[in-house]
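All remarks here apply to the structure that follows.
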């Protein structure tokens, strides 16, 4: 059977939530491949031994922070440690690497949420990134619990909550199947009571309008297009073996799930990849 191919520099998959199911599009340079329709077909993903920085386009031998060359990794605000630990934001200290970028991305409303990915966790994201953020981490259910005025404040609220609930997803557990069901609304009420004194202290520090609890919201359910989950999670590493292939069994988070292993597309930002399949 003839194999059609599409190639280019990879970006994380674009997602759109239709009702409760994510629709995935793999972006390769100027081309895009609708992935949901390929589930159940054989698929070949090959690394073409070229990486270009996702920011400046510079050719680089090694990718840093999911697609950046080393100079950009060292220079850009979006690669600073406060992106991973937003409570450490140093914008107001006058030491932000790129103040204008910080104003656009960090000095804006953020949402603190509870999600069920590999279990209940707390997380944060810009208000404009929902439900994309939930899909990217493989959450099957999510519920916003606070709206805050800045990224730093979202990190401080998250820090209060992560003393009582996880703040990370176990990607191996997430890829083995749906997690146990939890009542996120009830868990949210329980955590709100436990964390109330520390949240009130943050409200006194930043103002009531800056940190607003969200009540009465609806839990967003997400059903991933997966035919079969792996019993044992084996991850492809394109730096060691430039080929991932097999039958595509499903997609969850930013992972393609083959019958032969899984691959995190987000990890390979800037990598030149070629995808081929009889179903293309």
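The values are calculated or read from the model by the stated rules, or taken from the named source; none is laboratory data. Since we're looking at a predicted model, the values are computed, not measured. Every residue, glycine as well, gets a Cβ built from its backbone with ideal geometry; the counts of neighbours run over all protein chains shown.
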### Task
Scan the stretch 48-67 for residues that are over 22 Å from the mean Cα position of the chain (by Cα) and closer than 30 Å to residue 278 by Cβ and jot them down.
48, 49, 50
### Query
Can we say residue 129 is surrounded by 16 or more Cβ atoms within 10 Å (Cβ to Cβ), at negative phi and not assigned by TED's automatic domain parsing to the domain that holds residue 10?
no
### Message
Going through 93, 77 one at a time, which residue ends up being under 22 Å from residue 148 (Cα atoms) and within 19 Å of the chain's Cα centre (by Cα)?
### Response
77
### Message
Out of 197, 180, I need the residue that is outside any helix (DSSP H, G or I) and either surrounded by 13 or more Cβ atoms within 10 Å (Cβ to Cβ) or assigned by TED's automatic domain parsing to the domain that holds residue 85 (or both). Which one?
### Response
180
### Query
Does residue 111 fit the bill of being touching a helix residue (DSSP H, G or I) at 6+ places or on another chain (Cβ under 9 Å) and either outside the structural domain of residue 184 (by TED's automatic domain parsing) or assigned to a loop (DSSP other than H, G, I, E, B) (or both)?
no
### Message
Looking at the stretch 24-34, can you tell me whether even one residue there is touching a residue at least 40 places away in the same chain (Cβ under 8 Å), under 16 Å from the mean Cα position of the chain (by Cα) and in the same structural domain as residue 238 (by TED's automatic domain parsing)?
### Response
yes
## Note on the structure
Residue count, the stretch 146-172, condition touching a helix residue (DSSP H, G or I) at 6+ places or on another chain (Cβ under 9 Å), surrounded by 18 or more Cβ atoms within 10 Å (Cβ to Cβ) and in a helix (DSSP H, G or I), comes to 10
### Message
residue 118 - would you say it is in contact with a helix residue (DSSP H, G or I) (Cβ under 6 Å, 6 or more places away or on another chain), farther than 15 Å from residue 219 by Cβ and in a loop (DSSP other than H, G, I, E, B)?
### Response
yes
### Message
Please determine whether any residue of the stretch 101-121 is over 30 Å from residue 142 (Cα atoms) and free of Cβ contacts under 8 Å to residues at least 24 places away in the same chain.
### Response
no
### Task
Identify all residues within the stretch 200-227 that are modelled with pLDDT under 95 and surrounded by 12 or more Cβ atoms within 10 Å (Cβ to Cβ); write none if there are none.
217
